[in-house]
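Remarks on the structure that follows.
Each value in this text was obtained by applying a stated rule to the coordinates, not by laboratory testing. Just so we're clear, the structure is a prediction, and the values are computed from it rather than from any experiment.
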Amino acid sequence: ALVRRTVFVTGAVDMEGCPEADRGEVAFIGRSNVGKSSLVNMLTNRKSLAFTSKTPGKTQQFNYFAVNDKPELARQIRYGDDVPGEKDRDSFYIVDLPGFGFAKVTQQLRQQWSDFMDEYLQERETLQAVFHLIDARHGPTDEDIKIMQKVGTILGAKQQAKEHCAKYIIILTKADKNVKNAKSQSNPGKVSNKVMEKLIVTMKENRVGYAPIVLTSSETRLGRDEVWKYLRFAAER
Ligand code: GTP
Ligand code: MG
């Protein structure tokens, strides 16, 4: 997939901290350490644009990355300069979220993230897609089920009210860890029937419909083109 240039824009801790809603955006959510930030890097062909860590709890804010951005536009967003200029048509934001259910974060901070997340899903009008990252080896954990409930409830209500509503897409991560010596796309690893079944049941129970499921690996770049298909929607809002 074509990706020109990605810049970090800002880290938000509340709605006021989000950049102007002037283009489409997609959000990466999922439990801590599942590989959200690694996927941002893989998709944008960058090594360490989004900071990753072996230790859960690395990402602590809603980090906005502008994909296919123009330098002057990035400046405008970051410093609030009044730079006139056309909007970049194929530019969009990827929002890399903190991991949910991370135990080492204070209860207060977790509550803050959770409230922000509710408000964000409810009010961010340019949100085109929510990518829920789930570990391909384990399938949905209790934490994932909570995330699905939340997303299902908020987006479900919007859909019923015929309001604009983001798509929900499941990304299975770390597919390379499912196979020994898997270093190539030709050996992508398998999702066990048990994981698949649990996923289907959980989706059904949480009213998210049958969401698309994409198997990925940030190590081998498996699934990159498929994820990009969905990202492209966001650019063309
Ligand atoms: P938080 O910011 O804490 O919410 O975590 P995160 O979801 O952003 O996870 P992050 O991308 O920081 O990755 C966590 C760990 O998993 C790192 O050590 C990554 O190198 C590793 N990792 C991420 N994706 C993959 C993958 O596809 N394959 C393998 N083998 N390791 C991965
Ligand atoms: Mg992260």
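Whole-Hz Karplus ³J(HN,Hα) for the stretch 6-22, in order, using 6.51 cos²θ - 1.76 cosθ + 1.60 and θ = phi - 60°, x for Gly and Pro?
Result, rounded to whole Hz: 10, 10, 6, 9, 6, x, 9, 10, 7, 4, 5, x, 6, x, 3, 7, 9.
How much length is gained on full extension from Asp142 to Gln111, taking 0.36 nm per residue of separation minus their Cα-Cα distance? Could you put the intermediate results ahead of the total?
Numbers: separation 31, 0.36 × 31 = 11.16 nm, distance 1.72 nm.
9.4 nm is the gain from fully extending Asp142 to Gln111.
Taking 0.36 nm per residue of sequence separation and subtracting the Cα-Cα distance, how much length would be gained by fully extending the chain between Met15 and Gln60, in nm to one decimal? Spell out each step's value before the answer.
Working: separation 45, 0.36 × 45 = 16.20 nm, distance 1.50 nm.
Length difference between fully extended and current span is 14.7 nm.
Gain in length, Glu219 to Gln159, computed as 0.36 nm per residue apart minus the alpha-carbon separation, to one decimal in nm?
Taking Glu219 through Gln159 to full extension adds about 18.0 nm, to one decimal.
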